[in-house]
1. Show the residue pairs that are 6+ apart or on different chains and have beta-carbon atoms under 7 Å apart, the first residue being within segment 219-230 and touching a residue at least 12 places away in the same chain (Cβ under 8 Å) and under 19 Å from Asp138 (Cβ atoms), the second being hydrophobic (A, V, I, L, M, F, W, C) and surrounded by fewer than 18 Cβ atoms within 10 Å (Cβ to Cβ).
2. What pairs can you find where one residue is in segment 59-74 and hydrophobic (A, V, I, L, M, F, W, C), the other is within 10 Å of the ligand (Cβ to nearest atom), and their Cβ atoms are less than 6 Å apart, with a gap of 6+ or different chains?
3. Identify, please: which residue in segment 150-164 is more than 18 Å from Leu274 (Cβ to Cβ) and more than 14 Å from the ligand (Cβ to nearest atom) and is, among those, surrounded by the most Cβ atoms within 10 Å (Cβ to Cβ)?
4. Which residue pairs have Cβ atoms under 9 Å apart, sit 6 or more places apart or on different chains, and have a first residue in segment 244-269 that is within 12 Å of the ligand (Cβ to nearest atom) and among the hydrophobic types (A, V, I, L, M, F, W, C) and a second that is modelled with pLDDT under 95 and in a loop (DSSP other than H, G, I, E, B)?
5. Of all the residues that make up segment 242-263, how many are among the hydrophobic types (A, V, I, L, M, F, W, C) and touching a Leu at 6+ places or on another chain (Cβ under 7 Å)?
6. In segment 123-149, which residues are among the hydroxyl-bearing types (Ser, Thr, Tyr) and surrounded by fewer than 22 Cβ atoms within 10 Å (Cβ to Cβ)?
7. Any idea which of (1) at pLDDT below 95; (2) closer than 18 Å to Ala182 by Cβ is the one Ser83 doesn't satisfy?
8. Can you go through Glu128, Glu179, Glu192 and tell me which one is at pLDDT 95 or above, among the charged types (D, E, K, R), within 14 Å of the ligand (Cβ to nearest atom) and within 19 Å of the chain's Cα centre (by Cα)?
Amino acid sequence: MKLVTFCTRDDPAERVGVLKDSGVMLLPGVRDMNQLIVEGLPDVVHDGVDIPLDQVTLLSPIPRPMQDVLCLGLNYADHRKESRSFNAEDFKLEKDLPVYFSKRVSYSQGTGAPIPAHSDVTKELDYECELAVIIGRDALNVTEEEAGQYVFGYTVLNDVTARDLQHAHKQWHFGKSLEGFAPMGPCIVTAEEIAFPPALELTCTVNGELRQHSNTELLIHTIPEIISQLSHGFTLKAGSIIATGTPSGVGMGRGEFLQPGDVVTCAIEGIGALTNTVE
Ligand code: MG
């Protein structure tokens with residue numbers, strides 16, 4: 001099932017529905033995606049389409065995450081290598097343990113919405129295409145074998161980054177958290193539709209040029225490992241979003257950063273494409 005948050009051309013109110021080939025089936029009584037994740041799907045009254053696609057504007061599936069997004073750094077081998085060639089000191093790892101950081105997200109925009117350039121505070125705006133895992137029920141002391149039972153679904157997240165701020169402040173939080181730095185979409189694919197752990201092709205293009213191409217089976221620290229490890233330290237609440245890391249091909253590795261007008265498309269097999277233009 002593909003779940004979406006959307007509005008229509010005539011009504012800016014956010015609603016939640018199921019994305020079908022020809023339109024969206026409205027889920028009545030659902031306040032927002034956070035409520036749906038925590039309380040589960042309502043009884044669906046019919047299986048048709050309520051709103052045709054040409055009247056639908058997709059928003060981020062979770063426009064207002066309940067907590068900061070949990071992120072993995074340096075979780076693909078080829079991206080570790082390119083990061084160190086950019087700055088050996090910043091991206092040195094003392095131990096082979098997951099690098100966790102968080103990303104403040106007051107509002108996540110969806111596909112088609114702009115990424116603000118923030119030219120006043122950064123000259124090194126960068127993209128990172130990532131598979132995001134959404135937790136479906138509170139996870140505490142979960143084993144790797146049990147981890148799949150706690151996944152609600154998956155979406156595409158662009159972990160937009162200001163490299164100069166990431167470097168300047170030592171901790172990555174600020175450089176990862178500017179307004180508009182967490183576009184997500186186009187939908188959440190629910191967990192039962194994707195074999196666990198996911199092995200999905202992932203690509204990112206900038207102005208149509210292929211920049212990133214990998215597969216989520218190449219994650220160094222796997223989704224079962226991440227869920228299990230975090231849940232042994234705190235309760236991984238339902239609605240938590242985990243951005244699992246990005247492969248090589250980011251602007252930092254090329255010495256080439258995003259500029260106003262650039263169009264970034266992050267796509268993952270079976271989920272869809274998230275396209276945003278820098279403004
Ligand atoms: Mg990232």
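The values are calculated or read from the model by the stated rules, or taken from the named source; none is laboratory data. The structure displayed is predicted, hence computed values, not measured ones. In this analysis, Cβ positions are derived from the backbone assuming ideal geometry, glycine residues included, and neighbour counts consider all displayed protein chains.
1. none
2. Filtered contacts from segment 59-74: Val69/Lys103; Val69/Ala243; Cys71/Phe101; Cys71/Lys103; Cys71/Ala243; Leu72/Thr244; Leu72/Gly245; Leu74/Val99.
3. The selected residue is Val151.
4. Short answer, once both residue conditions are applied: Met252/Asn87.
5. Result for segment 242-263: 4.
6. Thr143
7. (2)
8. One residue alone meets the criteria, Glu128.
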